[in-house]
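The values are calculated or read from the model by the stated rules, or taken from the named source; none is laboratory data. Note that the structure is predicted; figures quoted are calculated from it, not measured. Cβ atoms come from the backbone with ideal geometry, glycine included; neighbour counts cover every protein chain shown. Please note that ligands, DNA and RNA were not included when accessible areas were found on the heavy atoms of the full protein model with its side chains. Shrake-Rupley method; radii C 1.70, N 1.55, O 1.52, S 1.80 Å.
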Amino acid sequence: MMQDWFLDAKLGIFIHYGIYAVRSVSESWSFFNGTISYDAYMQQLDGFTASKLNMSDWVDLIRRSGARYAVLTAKHHDGVALWDTAVSDLSVVKRTPAGRDIIREYASALQGSGIRTGLYFSLIDWSEKLYPTIYAEGSVPGDYIHDKRFSSPVDGQERYDLWERFLEFNRSQVTELIRNYGTVDLLWFDGDWERSARQWNMGGFRDFLHRLNPRVVLNSRLQGYGDYQTPEQGIPVVAPEGPWEFCTTLNGSWGYNVHDEAYKSPAQVIRMFADCISMGGNMLLGIGPREDGTFDERVHHVLTELGGWIRTNAEAVYGTRAGVDGRHFAGGSTLSRDRRVLYLFLYDIPREAVCLKGLQVPVRTVTILESGRTVDHHCTGGASWNDIPGIVWFSVGASDAGAYVTTLKVELAEPLRLYEGTGEVIAQNA
């Protein structure tokens, strides 16, 4: 069930933490795709120490970023749980030198912090023997994707009795997470593509989740039974229908990879974030800790700069809705809930003035959020008697530009109304 807090939050931090950080390999996919053997992948259990993990440091970093929620990988496709699960011995508590219930530390640290608690849970489990017991609905053993021993029956024989036991295994682990770790505000599922909605019994699973927590927010990766869409890595050009969240990595990797130097700059991240909220979505920014629980200094730098911009422009971020599109303004924008304040994002350094087209209500005042300076504005053209607006010009120049994205606060005399027409011949003057 969608909650207002999610629509208002705008920014989340996505933390992929697991044994894959030991050798800087791709989380789960590295053994599934044959980059590394399964046994070599699992040997990373012996090197996972979490020796410098301090959850108060994590919470401080998330808070500095300006994020209002966080999502941590409780269990990825490799099946390694970050909590003390009672239904499996494959956990960092039982099988690694860390010996710590990381989910308990994470959830406890977030309680009372003002940051909502989210947990990622993989529906698929490539280590659990009960999982590869049926094929995806509509497929046959000869299909290439089903030659993978981690996801399909190796002997070609389906065992739906074992599959039902796997579904119960999943429900047991999710129950542990929801009941034993305080309030879980969001569950971020993954892996639904390997089975159909019918095979997952998604309708029943959603009802089960709501019985455990009626207010939990569910992402879209439940074969159509989630609350919001999750476009990944490629930022939408057109906003998805309904609530949505763009998930992306700070560099090119979800988990920590010592070889991945492709970190996005603060300017790039802030621009992407502004684009997301301009279209009414959230951004879930992915970072990966080292196996010891610490983050690269570049993570600290980018998140601190992002948070600084958000704090300066907070009223243009939190609680806003999608602004006007590119037909009306050549930049991003958000709108207050009462539709009386329009926030315009200037991505480039202005030369003389910027313009807003199609505005059908009067402008009261315009200010620059970062400096508080009042901005002059005037209108050219238009034909009010034909309900055709002119162009509103805001007098801003290079000296008004901030370090990243500059925000104009446009206060309107009435709720926003926009002209969507193609213009017409003016046959008479009033």
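Okay, residues lined up against (1) touching a residue at least 12 places away in the same chain (Cβ under 8 Å); (2) open to solvent by 60 Å² or more (accessible area, probe 1.4 Å); (3) among the β-branched types (Val, Ile, Thr):
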residue	(1), (2), (3)
Thr304	yes, no, yes
Val317	yes, no, yes
Ala322	yes, no, no
Gly331	yes, no, no
Leu344	yes, no, no
Val361	yes, no, yes
Arg364	yes, yes, no
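Looking at the range 207-221, is at least one residue part of a strand (DSSP E or B) and under 27 Å from Ser127 (Cα atoms)?
Of all residues in the range 207-221, those part of a strand (DSSP E or B) come to 217-219.
Okay, now just the ones that are also under 27 Å from Ser127 (Cα atoms), so 218-219.
Checked the range 207-221: at least one residue is part of a strand (DSSP E or B) and under 27 Å from Ser127 (Cα atoms).
Does Thr422 fit the bill of being among the polar types (S, T, N, Q) and assigned to a loop (DSSP other than H, G, I, E, B)? Before the answer, list the steps.
Details: among the polar types (S, T, N, Q): yes; assigned to a loop (DSSP other than H, G, I, E, B): yes.
Yes: the conditions hold for Thr422.
Which one of these is under 22 Å from Ser88 (Cβ atoms), exposed (fewer than 15 other Cβ atoms within 10 Å of the Cβ), modelled with pLDDT of 95 or more and out of contact with any Pro (no Cβ under 9 Å at 6 or more places or on another chain): Arg171, Arg195, Arg215, Arg179?
Details: Arg171 fails: exposed (fewer than 15 other Cβ atoms within 10 Å of the Cβ); Arg195 fails: exposed (fewer than 15 other Cβ atoms within 10 Å of the Cβ); Arg215 fails: under 22 Å from Ser88 (Cβ atoms).
Going through Arg171, Arg195, Arg215, Arg179 in turn, the sole match is Arg179.
Of the residues Tyr69, Tyr106, Tyr135, only one is in contact with a Pro (Cβ under 9 Å, 6 or more places away or on another chain) and of a type outside the set (S, T, N, Q); which? Talk me through it step by step, then tell me what you get.
Numbers: Tyr69 fails: in contact with a Pro (Cβ under 9 Å, 6 or more places away or on another chain); Tyr106 fails: in contact with a Pro (Cβ under 9 Å, 6 or more places away or on another chain).
None of the other options fit; the residue is Tyr135.
For Thr374, are the conditions met, namely being open to solvent by 30 Å² or more (accessible area, probe 1.4 Å) and β-branched (Val, Ile, Thr)?
Numbers: open to solvent by 30 Å² or more (accessible area, probe 1.4 Å): yes; β-branched (Val, Ile, Thr): yes.
It is true that Thr374 is open to solvent by 30 Å² or more (accessible area, probe 1.4 Å) and β-branched (Val, Ile, Thr).
Can you find a residue in the range 8-19 that is within 21 Å of Tyr120 (Cα to Cα), open to solvent by 10 Å² or more (accessible area, probe 1.4 Å), modelled with pLDDT of 95 or more and more than 17 Å from the chain's Cα centre (by Cα)?
no
Hey, among Gly293, Gly280, Gly288, which residue is open to solvent by 10 Å² or more (accessible area, probe 1.4 Å) and at positive phi?
Details: Gly293 fails: open to solvent by 10 Å² or more (accessible area, probe 1.4 Å); Gly288 fails: at positive phi.
Testing whether each residue is open to solvent by 10 Å² or more (accessible area, probe 1.4 Å) and at positive phi leaves just Gly280.
Is it true that some residue in the range 240-250 is open to solvent by 30 Å² or more (accessible area, probe 1.4 Å), without any contact (Cβ under 8 Å) to a residue 24 or more places away in the chain and over 12 Å from the mean Cα position of the chain (by Cα)? Don't jump to the end; show me each part of the working.
Start the filter on the range 240-250 by keeping residues that are open to solvent by 30 Å² or more (accessible area, probe 1.4 Å), which leaves 240-243.
Still in the list and also without any contact (Cβ under 8 Å) to a residue 24 or more places away in the chain: 241-242.
From what is left, the residues that are over 12 Å from the mean Cα position of the chain (by Cα) are 241-242.
Yes, the range 240-250 has at least one match.
Residue-wise test of (1) open to solvent by 30 Å² or more (accessible area, probe 1.4 Å); (2) in a strand (DSSP E or B); (3) modelled with pLDDT of 95 or more.
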residue	(1), (2), (3)
Thr73	no, yes, yes
Ile145	yes, no, no
Glu158	yes, no, no
Asp161	yes, no, yes
